[in-house]
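Notes follow the structure.
The values are calculated or read from the model by the stated rules, or taken from the named source; none is laboratory data. Since the model is a prediction, treat every value here as computed from it, not as a measurement. Glycine gets a Cβ as well: all are built from the backbone with ideal geometry, and neighbour counts include every protein chain shown.
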Amino acid sequence: MMNKSDAVTVTDLRVRRGRTEVFDGLDVTIPRGQITGFLGPSGCGKTTLMRAIVGVQKIADGTVTVLGEPAGSRPLRHRVSYDTQAASVYADLTVQQNLRYFARLLGAPASDVDRVIAQVGLRSQRAQTIGSLSGGQENRVSLAVAMLGAPELIVLDEPTVGLDPLLRAELWEVFRGLADAGATLIVSSHVMDEALRCDRLLLMRAGRVIADTTPDALLRDTGADDPDAAFLALVERDAAEDRS
Amino acid sequence: MSAVRTFATSGRVLRQLSHDHRSVALMLIAPSLLVGLFAWLFSDQEGVFQLYGAAILALFPFIVMFLITSITTLRERRSGTLERLMTTPLGKADFIAGYALAFGLMATLQAVITVSFAVGVCGLEVAGPLWQLGLVAVVDAILGTALGLLASAFARTEFQAVQFMPVVVFPQIILGGLFMPRDQMPDVLHVISDWLPLSHAIDAVAAVSAGDEGWELYGPLLIVAAFAAGALVLASLTLRRRTP
């Protein structure tokens, strides 16, 4: 069902990587203006689904519609931003040089560079090359690139991995601010306490969505009091269905 | 194509180089050292350096630029930055042209230094004007850049990229007419050598050495330029926004 209020509509998506079938007819809708969390064990298809949404994944069948356009089509390249799981920035450039390059590609104003550097808390490292930063700082530069311009859909693959709790909390404030300003965010994570900060959760396992829910409903339905336990309960329930 | 995004990409590539002093030094000085070694080797044999010196001048920029370009673009493919670029408004042709411009500029600098060294220090004499020798060296270096861009599409690792050199470069050197005049080769090899761009590059150098003007020089040079342009077009066709 195509709905104007949906940011992403995935219908009957089939993806094969090598000999393994990652998705065999996946259907997903993601509402606009919210933070949707993709959660699930590694290898469940989170990254492949994100790549399909930003239009860099070769798909065997099915349709992916993003903001009313086919995923990856030309008009979307200004409106959708993507941060890959491994930091995708140039190790031999400084923080500022990296961001200036991407800002020029996007046609974003020069002032954006300073804004996003501040948002990810790297103001004092801005003249350092990426190679001299820590892994967590490098990931934050990569995240900053995804916040350049004014993307309507921001797809972030594990943006907070390897960061300390304080920094994670700060970044989630930034994400919330972007969503409040009207952007749609898709954030994958396997840190379950981050699930509670999302508006909506897609729990995935083995190429399927096993739950499309909200943080409150997840805890209520499973009777668990923390998201880790709730997630385990759901995965076990799903695995039991597989066996029967 | 977009001039802004093409120049932004060239600027970024050059800025990356500017952080890597050792590579810049190798790129600019190594060909001169090799020419010097060659001149020294034949210093007691009158005329040999005069015979082969100019041709060597056409080879080194080609080889050096082939290697540098194939490794650099392969790094971009493997680091995830290419995937990120493919989600931005950057066109494939912008990407290839950006690289070709940046390395073309480096190739020009390299040619100026190498030709000056060969003539000023090693005493190379050519009958034609010096700028023509420089022009041939630049076109050869651009050919190396273009083939390097194309070769990187077929390599999955840096190791494979380096292995392309014996496959792509060496046969062209062996059949190029340096070791044996091309019209004395077995017929089949002569025909093959007609289809290898480096043969024409060596013809162009021979024309400058002999002081030939007009079509004798610009004919082969145009063929080399056409090969370079063809390789650049093919390279941009091998770029894929969607990958498996």
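For the stretch B:3-50, a residue qualifies if it is buried (at least 18 other Cβ atoms within 10 Å of the Cβ), among the polar types (S, T, N, Q) and within 14 Å of chain A (Cβ to nearest Cβ), and the qualifying residues are B:Thr6, B:Thr9, B:Ser10, B:Gln16. The residues listed here are B:Ser193, B:Ser236, B:Ser152; of these, the one that is out of contact with any Leu (no Cβ under 8 Å at 6 or more places or on another chain) and of a type in the set (S, T, N, Q) is B:Ser236. When the stretch B:72-97 is filtered for residues that are outside any helix (DSSP H, G or I) and within 9 Å of chain A (Cβ to nearest Cβ), the ones remaining, listed by number, are B:Gly80, B:Met86, B:Thr87, B:Thr88, B:Pro89, B:Leu90.
Flag: A:Arg14 does not match the condition of being under 24 Å from A:Trp172 (Cα atoms) and of a type in the set (Lys, Arg). The set of residues in the stretch B:102-147 that are surrounded by 19 or more Cβ atoms within 10 Å (Cβ to Cβ) and more than 19 Å from B:Val35 (Cα to Cα) comprises B:Ala102, B:Phe103, B:Gly104, B:Gly128, B:Ile142, B:Leu143, B:Thr145, B:Ala146, B:Leu147. Taking the stretch A:68-78 as the search range and keeping residues that are of a type outside the set (Gly, Ala, Ser) and crowded, with 18+ Cβ neighbours inside 10 Å, which one is nearest to the other protein chains (Cβ to nearest Cβ)? Checked the stretch A:68-78; the qualifying residue nearest to the other protein chains (Cβ to nearest Cβ) is A:Arg77.
Only one entry in A:Ala110, A:Ala146 is within 26 Å of A:Ile30 (Cα to Cα) and either in contact with a helix residue (DSSP H, G or I) (Cβ under 8 Å, 6 or more places away or on another chain) or of a type outside the set (S, T, N, Q) (or both), namely A:Ala146. Within the stretch B:150-159, restricting attention to residues that are assigned to a helix (DSSP H, G or I) and modelled with pLDDT of 85 or more, the residue that is farthest from B:Pro220 (Cα to Cα) is B:Phe159.
Against the definition (more than 15 Å from B:Val64 (Cα to Cα), within 17 Å of the chain's Cα centre (by Cα) and not acidic (Asp, Glu)), how does B:Leu143 come out, yes or no?
In short, no.
Restricting the first member to the stretch B:197-214 and to residues that are at negative phi, and the second to residues that are among the basic types (Lys, Arg) and surrounded by fewer than 23 Cβ atoms within 10 Å (Cβ to Cβ), the beta-carbon pairs closer than 8 Å and six or more apart or on different chains are B:Ser199/B:Arg182.
Evaluated against (1) more than 10 Å from every other protein chain (Cβ to nearest Cβ); (2) of a type outside the set (Ser, Thr, Tyr); (3) surrounded by fewer than 23 Cβ atoms within 10 Å (Cβ to Cβ); (4) part of a helix (DSSP H, G or I), A:Arg100 falls short on exactly one condition, (1). For the stretch A:51-87, a residue qualifies if it is within 14 Å of the chain's Cα centre (by Cα) and not hydrophobic (A, V, I, L, M, F, W, C), and the qualifying residues are A:Arg51, A:Gly55, A:Ser81, A:Tyr82, A:Asp83, A:Thr84, A:Gln85. For the stretch A:80-97, a residue qualifies if it is surrounded by 17 or more Cβ atoms within 10 Å (Cβ to Cβ) and either more than 10 Å from chain B (Cβ to nearest Cβ) or not polar (S, T, N, Q) (or both), and the qualifying residues are A:Val80, A:Tyr82, A:Asp83, A:Ala87, A:Val89, A:Tyr90, A:Ala91, A:Asp92, A:Leu93, A:Val95, A:Gln96. Screening the stretch B:58-71 for residues that are of a type in the set (A, V, I, L, M, F, W, C) and touching a Pro at 6+ places or on another chain (Cβ under 8 Å) and picking the one that is farthest from the other protein chains (Cβ to nearest Cβ) gives B:Phe60.
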